Amino acid sequence: MVSKWIAVGRASALGRRPLPVTLDGLPMVLFRTPAGVRALTDRCPHRSAPLSGGRVVDGDIECPYHGWRFDGNGRCRAMPGLIGELPRAFVPSHQVLERDGLLFVTTAKDPGTPYVGALSGPGTAALRLENRVTSTLAEVAENILDATHTHFTHKGVLRGLSPRRHTVEVSVTGGDGWVEARYVGEPRQEGLVSRLLEGERADSIGRFIAPGIVELEFRGPRGPHLVTTFHLRQAEPDTVRGVAVLSGPSRLGLGYLKAALFFPLFRLAVDQDQRILSAAHRRRQQFADIRQMSGPLDIMRPHIDAILAGRRPSVADTPARHLISL
Ligand code: FES
């Protein structure tokens, strides 16, 4: 289940121009060659100019400073103005994959298979968007999986306007590198998003999979009818970047009409989270010596923290059950 491939963007965002991405502080440049997408460290070995500021010429990337060219393996192929033999020069290269409309990179030796989501492939319709938020990966992952904030942050969008709540049973299980909460007893939410996209709801699942997959799966009696998969990464110490993929069975008509209606709402919900997460991050920095308090309803955070620290979540060995009012 756990993969070391990280989705860093939408495949459609990479055209003829090089695409800069950052992974754990490492700048990379992605570009297209006749043999497929390639990824290099975004630093020219000559005078350190970012290669992403250059252009792609005949499948090689050309540095914007003095025009050295590097192929998809990072080997220097040209030094304009040089008469004579080309000296050896290299830029580190990285593994990169294009899969299901996303670009995945990894620096791991044995990265496994990219995780593309609980709902993907033929018969699935998908929408993708990219976002960034000033925060940490643990905070953003918790935010997406936390059902209790939706009554406040997303009133009217993900939740209805009424204060009515329902008693919901939550079962939390996990394993090495993942944790999952299953919500049973919650009717379809009354916000605009659910009214637009969901049918009858049987249950819903929220899961975190290392190193940065956060997924919400809304299931009807015949299986998932709406899945949102967030591929998150800590791009910089204060910046989390993510690609969100919204997918549904194409038989349920996640078509252009629904997409046109849904997308602004989904974007609105993402922006609402982005605002509160960024504001909270600033306060955390101002009060850096005061620990945050967790409450009994913060059921996923201890497991997310454990997984990010490389530990096995406790629910992997002792599954937990909670009753909460949602
Ligand atoms: Fe890249 Fe000189 S800095 S060619």
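The values are calculated or read from the model by the stated rules, or taken from the named source; none is laboratory data. Since we're looking at a predicted model, the values are computed, not measured. Counting neighbours? That spans all protein chains shown, and the Cβs are built from the backbone with ideal geometry, glycine included. The protein model used for the area step is the full one, side chains on, heavy atoms only, and it has no ligands, DNA or RNA in it. Shrake-Rupley method; radii C 1.70, N 1.55, O 1.52, S 1.80 Å.
Taking Leu82 as the residue in question, decide whether it is of a type in the set (A, V, I, L, M, F, W, C) and either touching a strand residue (DSSP E or B) at 6+ places or on another chain (Cβ under 9 Å) or more than 16 Å from the ligand (Cβ to nearest atom) (or both).
no
Considering only residues of the range 81-101 that are over 25 Å from the mean Cα position of the chain (by Cα) and surrounded by 15 or more Cβ atoms within 10 Å (Cβ to Cβ), which is farthest from Ser12 (Cα to Cα)?
Ala89
Between a first residue in the range 275-295 that is in contact (Cβ under 8 Å) with a residue 24 or more places away in the chain and a second residue that is part of a loop (DSSP other than H, G, I, E, B) and among the small types (Gly, Ala, Ser), which pairs have beta carbons less than 6 Å apart while being 6 or more apart in sequence or on different chains?
Leu277/Ser135; His281/Ser135
Considering only residues of the range 37-50 that are closer than 18 Å to Leu14 by Cβ and open to solvent by less than 30 Å² (accessible area, probe 1.4 Å), which is farthest from the ligand (Cβ to nearest atom)?
Val37
What is the residue count in the range 4-34 for residues that are open to solvent by less than 10 Å² (accessible area, probe 1.4 Å) and in a loop (DSSP other than H, G, I, E, B)?
Number satisfying all stated conditions: 1.
Return yes or no: is Pro122 open to solvent by 40 Å² or more (accessible area, probe 1.4 Å) and either away from the ligand (no atom under 12 Å from the Cβ) or part of a loop (DSSP other than H, G, I, E, B) (or both)?
Criteria met by Pro122.
Can you tell which of Arg88, Arg32 is among the charged types (D, E, K, R), within 16 Å of the ligand (Cβ to nearest atom) and at pLDDT 95 or above?
When all the criteria are applied, what remains is Arg88.
Taking the range 51-71 as the search range and keeping residues that are closer than 16 Å to Pro27 by Cα, more than 9 Å from the ligand (Cβ to nearest atom) and free of Cβ contacts under 8 Å to residues at least 40 places away in the same chain, which one is least open to solvent (accessible area, probe 1.4 Å)?
Ser52
For the subset of the range 127-142 comprising residues that are part of a strand (DSSP E or B) and of a type in the set (A, V, I, L, M), which member is modelled with the highest pLDDT? Steps first, answer last, please.
As a first pass, look at the range 127-142 and keep what is part of a strand (DSSP E or B): 127-134.
Subset that is of a type in the set (A, V, I, L, M): 127, 129, 133.
Details: Leu127: 84, Leu129: 89, Val133: 96.
Top of the filtered list is Val133.
I'd like to verify a number: residues in the range 266-314 that are open to solvent by less than 80 Å² (accessible area, probe 1.4 Å) and touching a strand residue (DSSP E or B) at 6+ places or on another chain (Cβ under 7 Å), how many?
Number satisfying all stated conditions: 12.
Cβ contacts < 6 Å: first residue free of Cβ contacts under 8 Å to residues at least 40 places away in the same chain and farther than 9 Å from Gly59 by Cα, restricted to the range 30-48; second residue open to solvent by less than 60 Å² (accessible area, probe 1.4 Å) and within 13 Å of the ligand (Cβ to nearest atom), any location; separation 6+ or different chain. Result?
Close Cβ pairs (under 6 Å, with a partner that is open to solvent by less than 60 Å² (accessible area, probe 1.4 Å) and within 13 Å of the ligand (Cβ to nearest atom)) amount to Asp42/Val29; Asp42/Leu51; Asp42/Ser52.
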